[in-house]
Every structure is written in structure tokens, then in C-alpha cells.
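Participant: The following block contains the structure, expressed as C-alpha cells.
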Amino acid sequence: MNLLKATGSIGGLTLLSRILGLVRDSLFARFVGAAFASDAFLVAFRLPNMFRALFAEGAFASAFIPMFNKKVADPEGQGLRDGLDFAEAALAVLLPMLLFMTVVLEVFAWPVTLLLSGKFNGVSADQFAYAVELSRWTIPYLMLISIVSLFGGILNSLGKFWVNAAAPILLNLTLIVALLGFHSDDPLVTARNQAIAVSVSGALQLLWLAWACRRNGVRLRLRRPRLSPEVKQLLKLILPAAAGAGAVQINLVISTALAASLLDHGSVTYIYMADRLNQLPLGLIGIGLGTVLLPTISRQLGGGEEAAAMETQNRGMELALLLTLPATVALVLCGEPIAAALFGYGKFDANDTHFTAQALAAFSIGLPSYILVKVLTPGYYARQDTKTPVRYATISMVVNLVGNLALIVPLRHMGPPLATAIASTVNVWLLYHTLVKRGHFAADARLKRRTLRLALAALAMGAVLWAGQGLVMPYVHGTWTIRIAAMASLVTSGVVVYGLAAVLTGAFRVGDLKLLLRRRRSN
């Protein structure tokens, strides 16, 4: 498999989804602003977002894909049919569990909302009841997106990465339609309609994946639930994988709850908007790499190709750093014009923009760590080791909690993002150190040599952007055309400077591009 080609396919669709997400967030900032209504919706939306990351993008894929691939690749079996039998058995057990969980969460939405928000900061009983209502509207999304992850895992294993990567586009389109068609002068009404749209989007994503599966000859039958040995093994792997893959999301939930309960209204919105910008490169690079690396490495290990698996992971880290380091520098240094161009109009004022940029800088310090988690964890999951990542995720969550408590009062809305960045960095160091210690990973000479050069290229780009961002600031509050042009000029100048610096320092060579194009044609 061409790692760059597959990652690029996923990254391109994820880019479209993230662009639509930024459009959605810009409209949300315009119609709802940064106050209690926005905080209440974002707390209600945090649970589905967390569950999507833990289950759909993490736990289920990490546990299911290696087992599915093993069934399909068994030379003594029936290939795909054995894999689909396993998928049907898994669905038969998971579906009633998900239905039960959804009912329980709907019944206990009040304490769940309390846990996620700390009952906010100084709200009335009616306001908290409104926040609980929004949570009840978003809870069905959890079940729907979990079933989507089953279909997506099958398609990823079959090499149809783009189908699953396109599903989040439906979420953003649905929320955009709800904002444009059903917004109100009352932010509470607009936020409620957004909560309803979240679950509607889950149903649309499920229909999309089910249709795609049928188009690719995958038809899952409903069976009576039975805990076969394979299903027991799957369930045994899912829980630790959820914590291991979702440490960043769990840390964000902790940060959201502390911000909602201790800081002024609007702080949750600042942190959320900053996280959305931070998630753009994470979605483009980290999720794409993680999606491709897991089935690739598990297939290589299943064939006894240890050296090939290590080479794949080295190139995965190199590609991650090539794309992540410039994004980190740009978001830390240029958060103010970026936040102003995307969110700074309507009910979202200049102070809201400034506070969002501060939170973004704190988040972005940890951007390389967030993405490297996606690169390193497949080295464990492909070997069906989900316990080690969960131990390290637990340590990182403790670090995050301590960091939040220590930083939230002096740094306010910057404290939780900075604590999350520190915790993720600890998690990455533990994952990397253990892989090296076990002999499952060794950074080759090429990776070591290019990492330093990539860092130098990113710093050179940062110096140019820092010096030139004042030129675009007068244009980030204009019409949408002017805003887009200002951002395009900033991004283009950064890409050009980084590309030149990468070539001049030897971090990237023209010969590498020729080799990649030659491999792509041969595939």
C-alpha cells in the first residue's frame, strides 16, 4: 500500500469535512455567540464527540480491524465470508448493548450533564434543565455512530478508506442546514435545533455506510446474540482500547467540566472553538495516518514481516512530523488573525476572538503529541495489546487533572488546553519508550536526521509568518471574500516558505517526490 496515497485520500475528505466544520462553527458563533446557550450545547455535544473518538475512531476500530483481518487472511478459512460471520456475531451482541446504554443515558441525562458541566457556574434550575434537554437530544447519536463504526471498520479492512472518511461530512452538512434554515434571534432556540440536528446526522451517516457496504458486497444479517470466544475477545479488547485511544478526548471532557463549573460563561465556547481549530490538522494527519497504519501494520505482522512493519511506522512518524510541525508553529503564532477571520463577527465579539486565540496557542503546543499518539498506538493494537496504552492513558489523565487544577485559576481559559497538551506529551513519551524497549520500534537514521531539519524549516516559516501577520490583520474583519483571501495569503506564504526551507535544509528532497509519484503510478 502506498502510505502517502491512502493517507492523502482520507486526508482530502477529512479536509473537506473540517472546512465544512469551520463553516458550521463560524455560523454557530454568528447566531449563538459565546454565552450560556453556546456552552450548554457544547457540553451536550461533548459526550457524542467523546464517544465518537473513543469508539468510532478508536476502540472499536483498534480491536475489530486486526481480528477481522486475521479471519479474512486465514489460509484455512473462507476469506471474506469468515470475516463477515465475525462481524455479524459482533453486531448481534453490540446492538442490544448499545440500545440499553442509550436508554440508560436518556433516563440519567441529569446526572450525566452534571458530571460534564459541574452544573455550570451560577445557573438557575431552569437553565440547567435546558442543558439536560440538549443532552437528551444528542444522546441517540452515540448508538448510531457506534454502528457506523462497525460498517466503517469492515470497509477500512477492505481498503475502502474513503467511504468511512466521508461520513463526517454529513454531520457538518446537517448542522449547517439547521443553522441556516432553523436559526432564531433567541440563541436558546438555535442551540436546541443544533442538538436535534446532531442525532439526525447520525441516522444519515448510518444510512450512508450501510449503502456503501451493500455496494461492496457486504450484507450483514441480524442474528440472535451469542457470546462466542471471538466476540468475548473483541469485548475484552474494546474497553482498554477506548481509554488508550481516547485519552485526548477524556482530557477534553475533564477540561470542559472544570471550565463550565469554575470559569465565566463563554469559557467553554472559547476552549471548544480553539479545539476545533486544533483538530483541523489532527483530523487531516492523525486520523488519516492512524486509519491507514493499523490495518497495514496488522497485515504485515500477520505475514511475519516485522521489518516491513517497523519501516511503515518510521515513515508514518516522518510523514506526521513533516505535516504537523509547521501546523503547530502557525497555530501558536497566528491564532489571532485565524480566530478573527473565522469567528469574529455577529454575536462573537473581539474579546471572544482574543480569548479563543489564547486557548488555541495553549492547545497547539501539544499538536505533535496528539498526532503521534495516532501513529504509535497501532504498534500496540496490531499486536492485540490494548492494556499498555490504557495504562499510559490513565497516567496522562491523572497528569491532565492535576494540570487543570493547578492552571485553571491563574491561566483561566488557557489552563485546561495547556494541561491537555502536557498530558498528551507524557502519553506519547510513554508509548514511544515502551515500543523501543520491547524492540517493536527503532527510529532509523533517516527519521532522526530529518526530524531536526523539519523543526528548523518550521521555525523559519514561523519567523516569516510572525513578521507578516500584521499585514493581514486589517482584512480579517471584512466580507467573507476578503477574509478568505487574507487567510489564503497567510497559508500560501507559510506553505511556500516551509517548502523552500524543507528543501534547503534537506528535510525533504525533490527525489522523494519523484519516488512517491513513481510508486503511485506502479500501484
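The values are calculated or read from the model by the stated rules, or taken from the named source; none is laboratory data. Computed from a predicted structure; not experimentally measured. We place every Cβ from the backbone using ideal geometry, glycine too, and count neighbours over all the protein chains shown. Side chains are part of the model used for accessible areas, which takes the heavy atoms of the whole protein and leaves out ligands, DNA and RNA. Shrake-Rupley method; radii C 1.70, N 1.55, O 1.52, S 1.80 Å.
Participant: If a residue has to be of a type outside the set (V, I, T), closer than 29 Å to L222 by Cβ and either open to solvent by less than 20 Å² (accessible area, probe 1.4 Å) or over 20 Å from the mean Cα position of the chain (by Cα) (or both) to count, how many in region 160-198 make the cut?
Facilitator: So the count comes out to 6.
Participant: Here's something else I'd like to know. List every residue pair whose Cβ atoms lie under 8 Å apart, where the two residues are 6 or more positions apart in sequence or sit on different chains, the first residue falls within region 114-134 and is assigned to a helix (DSSP H, G or I), and the second residue, located anywhere, is of a type in the set (K, R) and open to solvent by less than 60 Å² (accessible area, probe 1.4 Å).
Facilitator: Between residues of region 114-134 that are assigned to a helix (DSSP H, G or I) and residues that are of a type in the set (K, R) and open to solvent by less than 60 Å² (accessible area, probe 1.4 Å), the close pairs are L116/R46.
Participant: Filter region 200-235 for residues that are assigned to a helix (DSSP H, G or I), farther than 17 Å from D82 by Cβ and out of contact with any Leu (no Cβ under 7 Å at 6 or more places or on another chain) and give the result.
Facilitator: V200, L207, L209, A210, W211, R214, R215, K232, L235, listed by residue number.
Participant: Turning to a different aspect of this structure: Among the residues of region 502-512, is there at least one that is modelled with pLDDT under 90, of a type in the set (F, W, Y) and open to solvent by 80 Å² or more (accessible area, probe 1.4 Å)?
Facilitator: no
Participant: Between S117, S149, S135, S157, which is open to solvent by less than 50 Å² (accessible area, probe 1.4 Å), modelled with pLDDT of 90 or more and within 23 Å of the chain's Cα centre (by Cα)?
Facilitator: It is S135.
Participant: Looking at region 484-498 only, could you name the residues that are open to solvent by less than 40 Å² (accessible area, probe 1.4 Å) and of a type outside the set (A, V, I, L, M, F, W, C)?
Facilitator: G494, Y498
Participant: For region 95-104, what are the residues that are free of Cβ contacts under 8 Å to residues at least 40 places away in the same chain and either open to solvent by less than 60 Å² (accessible area, probe 1.4 Å) or not in a helix (DSSP H, G or I) (or both)?
Facilitator: V104, the sole residue that qualifies.
Participant: Could you give me the residue pairs with C-beta distances under 9 Å whose first residue belongs to region 419-445 and is within 14 Å of D385 (Cβ to Cβ), whose second residue is open to solvent by 60 Å² or more (accessible area, probe 1.4 Å) wherever it lies, and which are 6+ apart or on separate chains?
Facilitator: Listed by first residue and then by second, the contacts come to L430/R391; L430/I395; H440/E306; H440/R383; F441/Y432.
Participant: Counting just the residues of region 448-483 that are under 26 Å from the mean Cα position of the chain (by Cα) and open to solvent by 20 Å² or more (accessible area, probe 1.4 Å), which one comes out farthest from R383 (Cα to Cα)?
Facilitator: So the residue we want is L459.
Participant: While we're looking at this one, here's another question. State whether the residues of region 268-279 include one that is at pLDDT 80 or above, among the charged types (D, E, K, R), surrounded by fewer than 24 Cβ atoms within 10 Å (Cβ to Cβ) and not in a helix (DSSP H, G or I).
Facilitator: no
Participant: If you don't mind, another one. So which residues in region 400-422 are crowded, with 16+ Cβ neighbours inside 10 Å, at pLDDT 90 or above, closer than 12 Å to I254 by Cα and hydrophobic (A, V, I, L, M, F, W, C), if there are any at all?
Facilitator: The answer is A419, and nothing else.
Participant: Considering only residues that are open to solvent by less than 50 Å² (accessible area, probe 1.4 Å) and in a helix (DSSP H, G or I), look in region 427-447 and name the one that is nearest to N314 (Cα to Cα).
Facilitator: If we take residues in region 427-447 being open to solvent by less than 50 Å² (accessible area, probe 1.4 Å) and in a helix (DSSP H, G or I), then L447 is nearest to N314 (Cα to Cα).
Participant: Could you please find all residues in region 322-360 being aliphatic (A, V, I, L, M) and closer than 21 Å to L456 by Cβ?
Facilitator: Quick first cut of region 322-360, residues aliphatic (A, V, I, L, M) only: 322-323, 325, 327, 329-333, 338-342, 350, 357, 359-360.
Once the filter is applied, which keeps residues that are aliphatic (A, V, I, L, M) and closer than 21 Å to L456 by Cβ, region 322-360 yields L322, L323, L325, A327, V329, A330, L331, V332, L333.
Participant: Would it be correct to say that I285 is modelled with pLDDT of 65 or more, open to solvent by 30 Å² or more (accessible area, probe 1.4 Å) and under 15 Å from the mean Cα position of the chain (by Cα)?
Facilitator: No: the conditions fail for I285.
Participant: Residues in region 469-478: is at least one closer than 24 Å to L280 by Cα, assigned to a loop (DSSP other than H, G, I, E, B) and touching a Pro at 6+ places or on another chain (Cβ under 9 Å)?
Facilitator: Looking for residues that are closer than 24 Å to L280 by Cα, assigned to a loop (DSSP other than H, G, I, E, B) and touching a Pro at 6+ places or on another chain (Cβ under 9 Å), one finds at least one in region 469-478, hence yes.
Participant: Right, something else. Determine if region 372-394 includes at least one residue that is basic (K, R) and in contact with a Gly (Cβ under 8 Å, 6 or more places away or on another chain).
Facilitator: Yes; the residues of region 372-394 include at least one that is basic (K, R) and in contact with a Gly (Cβ under 8 Å, 6 or more places away or on another chain).
Participant: If you don't mind, there's one more thing I want to ask. Residues that are open to solvent by 40 Å² or more (accessible area, probe 1.4 Å) and modelled with pLDDT under 85: find the helices (runs of 4 or more DSSP H) completely inside region 1-94 holding 3 or more of those. Working first, answer last.
Facilitator: Values: elements: 3-31, 36-51, 60-73.
Of the helices (runs of 4 or more DSSP H) lying wholly inside region 1-94, those with at least 3 residues that are open to solvent by 40 Å² or more (accessible area, probe 1.4 Å) and modelled with pLDDT under 85 span 3-31, 60-73.
Participant: Mind checking which residues of region 374-399 are within 13 Å of T425 (Cβ to Cβ) and open to solvent by 10 Å² or more (accessible area, probe 1.4 Å)?
Facilitator: Hits for region 374-399 are Y392, I395, V399.
Participant: Picking from G494, G468, which residue would you name as being at pLDDT below 85, over 29 Å from A259 (Cα atoms) and not β-branched (V, I, T)?
Facilitator: G468
Participant: Also: Looking for whichever is within 20 Å of I271 (Cβ to Cβ) and part of a helix (DSSP H, G or I) here; the options are A393, A423. Which one fits?
Facilitator: A423
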